[in-house]
Amino acid sequence: MDKPLAGRVALVTGSGRGLGFAMAERLADMGAAIAIHDVSQDAPAEFGEAESLDAVAAKIAGKDVPAIAVTGDVSDESAVAALVATAEKALGPVGILVNCAGGDIAARGGKPQPNDALGVPLEDVRAILDRNLIGTMLVCRAVCPGMVARGAGSVVNIASAAAHVGVKDGVAYAVAKAAVTQFSRCLDGEMRPHGVRVNVLSPGATKTARFLATRPLDPRSMEESASLDRYALPAEIADAVAFLCSDASRFVSGQVLRVDGGRQLFAA
């Protein structure tokens, strides 16, 4: 089928830009109606990726699928309820949920300084946990009961390669993403008897606009070559999300898929 997700509705949090946008675009290419989400209308402009969230939704709608822009802070329970209600009123019940909103962002913006285990400011720890773990939990709480009632659905929670190793920099983020992974396993135990699948995708370093603008870069990893010893392209992460959202993975649940070109080689 050219459009295997036709007739389904996907909510992708954090999809106004970066990885989230690449994921939403890929699902739209497969025929899904898309609820594009970000914390505000102007969030996609931060790194020059789009003029506004409405502009992103219009780009998705240009693929001949229904699309709507919804805004809200995923760590605010009332805001989450409102954005889900808006999406479902416009598009129908959400059958595909991708929780991509998150990031290693300090309480006042930028990255925490310092960003190690003993020195990271607690206000930044709380902000990162809210943005990643609590946000994922709240959106799942708002969407998953409907999936249970309908006896179908796919949830993909985005973690990080950092969730699976010890790090010296970005500790709060690594801890938050490890928690997302464990929450997803617990959620899967509740959802699988109802035909709802829950999986985790852990991307490695990927060439998004934010990544390129905020990190020291390894010139060798910037090269787009046949070698897997490089940064990922957003489309490569999106392809893995598409698999987990589609019927091609209809018997895959409770799994953690690391998409990092094999950089982390160890037993699961």
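Some values worked out for this structure:
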item	result
Cα centroid separation, the range 209-226 to the range 47-120 (Å)	24
Per-residue Cβ neighbour rank within 10 angstrom, fewest leading, Leu129, Leu5, Leu228, Leu138	Leu228, Leu129, Leu138, Leu5
Proximal charge balance of Gly261 [Cβ under 10 Å; K/R count +1, D/E count -1]	0
The range 45-151: Rg to Rh, with Rh as the Kirkwood radius over Cα pairs	1.04
Too-long pairs where the Cα-Cα distance tops 30 Å, listed order kept, from Lys177/Lys207; Lys63/Lys111; Lys3/Lys111	Lys63/Lys111; Lys3/Lys111
Residues Leu91, Leu118 arranged by fewest to most Cβ contacts within 10 Å	Leu118, Leu91
For the chain, built as a Gaussian network whose Cα springs stay under 10 Å, the top-fluctuating residue of Ala213, Ala240, Ala226	Ala226
Virtual spin-label span in nm between Asp29 and Glu236, 7 Å along Cα→Cβ	1.5
Ranked by how many other beta carbons lie within 10 Å on average, peptides 253-262, 33-42, 108-117 from highest	33-42, 253-262, 108-117
Low-density loop positions, trypsin sites (Lys or Arg not before Pro), the range 139-207 - DSSP coil, at most 14 other Cβ in 10 Å	Lys168
5 angstrom amide H check on Ile34, placed H, neighbours 5+ away	Ala10, Ala67, Ile68
Segment Arg150-Asp169, extension gain: residue separation times 0.36 nm, minus the distance between their alpha carbons	2.6 nm
Where only C-alpha atoms are counted, convex hull volume of the chain per residue in Å³	129
Compactness of the range 1-84 as Cα Rg over 2.2 N^0.38 Å, two decimals	1.03
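Values quoted throughout were computed directly from the atomic coordinates according to the rules given, and no laboratory measurement underlies them. All of these numbers come straight from a predicted model, not from anything done at the bench. Methodologically, a virtual Cβ is constructed for each residue, glycine included, from the backbone with ideal geometry; neighbour enumeration extends over all protein chains shown.
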